[in-house]
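Let me begin by presenting the structure, written as structure tokens, before commenting on it.
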Amino acid sequence: MIRRYMELYCHRGRCAVLLPLSVRMRTYVALLLFLVAHLFALSTGQALGANEERPNQQTVYYVTTRLNEGGRGSAQYGSKRHLDVGYGSLDFGVARVGRPSGLIGFDCAPDFPSYRQGMIVNDQMWRSSQLAELSSISQSDLLMRAQQCRGMICIVIHGYGESMERSLKDTAVLADALQRKGVDVMPILFSWPSMNDLREYAKDEANLEWSVLPFNSFIDTLSLARNNDCRLCVVAHSMGSRLVFSLLDDEDLIKRSPIDRLILSAADYDYFQALQRFNKLNKLVAGDIFVFVSDRDGALTASQVLHGSPRLGRPFDPPHTSMKVQDYMHAQFWDQLLQDAADVLVQGGLNNPPEANSWLERRPGMARELGEKAQFLDVSELVSEDLGHRFAWPLIATLLAGEGGLGPLGTEVVFKRPDQMTLEQNGGIPPVLFKFHRVRGNLYQMQNQRLMR
């Protein structure tokens, strides 16, 4: 064994130190070399098993602007900001999420209700799983792993009202779904200091805005450090979508088109502002852009009432609107608003309004996709959890895997009545009718269709 260390040491051009030593001294030096190698492994994340997958655990890397409130050698993140006191506001780490046993392979479900139920059951099992390990690593460790990646780096940005632990589990469920499709993925959660309280919306907005510069810096650094053979995909949910749009202020980043595929799920971002900036977004993203929307998204319905403008993840009027500010102070108003949003699916009131046919007859060219490589995907019939605001991770995994279709799911193109502001300022006829590719239960298991032309 000592001879092996000697040969290794000689091979590296340092044999002159070992050869004259006694056997005992050689043993000491060999042990020292072993310890140095072990410490090096720790510094590169190898001692954490960062490059190894464990059958009963899902590895998730993380980058966060949350403050590490754990003791020395431990990691624990709440909702406090990690202020820059001379070494930046980002913390890096790796987590292990326990993989639930008994997960349902619902991709082969016999019908749409079974598919939906399988998705919900698996979702609940992942949310109930244990966070087995949470360990800090250095930025260089994370970037080294990114350089080694030959498949896909998938960055997940959570929305408002989320804890660090829940966001890690949400990232784990998406990573697991991708791996089951044969994708070699390095999942990275970007977590900002959400208050983990649905009543703290304004504080979440402030904390997210504060996280813009650290996030932009991380994306810029990662895009330069990653292996050229590795795709960079981004999945942004709810309020987290605003961080993606913040990247559009960096002209140098836009020129590099660092993101290969982008999914904006239930984006809590001003719809009209998004349209203003979509040309830049098309340049930032080299490949496809999918914008997930839902008629029955109660959270975005409430957000539109708060902001007075449609959200990108629900770009049409809410089912009920009150202009009386005093109504906003009563819980009963919000309860009714959310219930109205949930009832939209039952009533089917937003799809293919009767005016659409006459509009299209007058202006046949007004029907179009969101962009040359961007589309609206309507998941109203697929998602019901979290007041219709949950991200549709099975569909996201299918799109990111690039399977050329939607698995067993089928879609049809529908039109939606634009918001009242747009109609009023255009003489009652909208300048554009966007196509919404709506996932339909009655089209389940029909022939897969390619979304992108």
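Where a number appears in this text, it was derived from the coordinates with a stated rule and is not lab data. It should be emphasised that the depicted structure is a prediction, and the values quoted were computed from it without experimental measurement. So basically every Cβ, Gly included, is an ideal-geometry build from the backbone, and we count neighbours across all protein chains shown.
When only the Cβ of Lys, Arg, Asp and Glu is charged (+1, +1, -1, -1), the dipole of the range 225-288 relative to its Cα centre reaches about 120 debye.
Treat the count of other C-beta atoms within 10 Å as a stand-in for reagent exposure and order Thr221, Thr59, Thr301, Thr422 from fewest to most.
Values: Thr221 15, Thr59 22, Thr301 30, Thr422 19.
Placing the least packed residue first, the sequence is Thr221, Thr422, Thr59, Thr301.
Inter-label distance, Glu200 to Ala132: 3.0 nm, where each label sits 7 Å from its Cα along the C-beta direction. With point charges of +1 on the Cβ of Lys and Arg and -1 on the Cβ of Asp and Glu, referenced to the Cα centre of the range 54-443, which listed residue (Met195, Ile120, Ser257) lies farthest in the positive direction of the dipole? Checking the options against the dipole of the range 54-443, the answer is Ser257. Here the residues Met421, Met125, ranked from fewest to most Cβ neighbours within 10 Å of their Cβ, fall in the order Met421, Met125.
For the ranges 383-391, 236-244, what's the packing order if you count other beta-carbon atoms within 10 Å of each residue, average per peptide, and put the highest first?
Values: 383-391: 21.4, 236-244: 26.3.
The packing order, highest mean first, is 236-244, 383-391.
Sorting 248-256, 360-368 by their mean Cβ neighbour count within 10 Å, with the most densely packed peptide first, gives 248-256, 360-368.
Please report how far the C-alpha centroid of the range 138-155 lies from that of the range 377-409, rounded to the nearest whole angstrom. Cα centres, the range 138-155 to the range 377-409: 26 Å. Of all lysines in the structure, the ones whose alpha carbon falls short of 24 Å from that of Lys169, not counting any fewer than 8 places away in one chain, are Lys80, Lys181, Lys203.
So, with +1 on the Cβ of K and R and -1 on the Cβ of D and E, and no other charges, what is the size of the charge dipole of the range 54-443 about its Cα centre, to the nearest 20 debye?
Numbers: 40 positive and 47 negative charges, 151 e Å.
Dipole size: approximately 720 debye.
Think of the range 54-443 as having a plus end and a minus end, set by charges on the Cβ of Lys, Arg, Asp and Glu; of Val413, Leu178, Gly313, Leu178 sits farthest toward the positive end of this dipole.
Candidate cross-link partners of Lys280 among the lysines, defined by an alpha-carbon separation under 26 Å and a same-chain spacing of 8 or more, comprise Lys255, Lys373, Lys416, Lys435. Peptides 208-218, 270-280 ranked from most to least packed give 208-218, 270-280, packing being the mean of other C-beta atoms within 10 angstrom over each peptide's residues.
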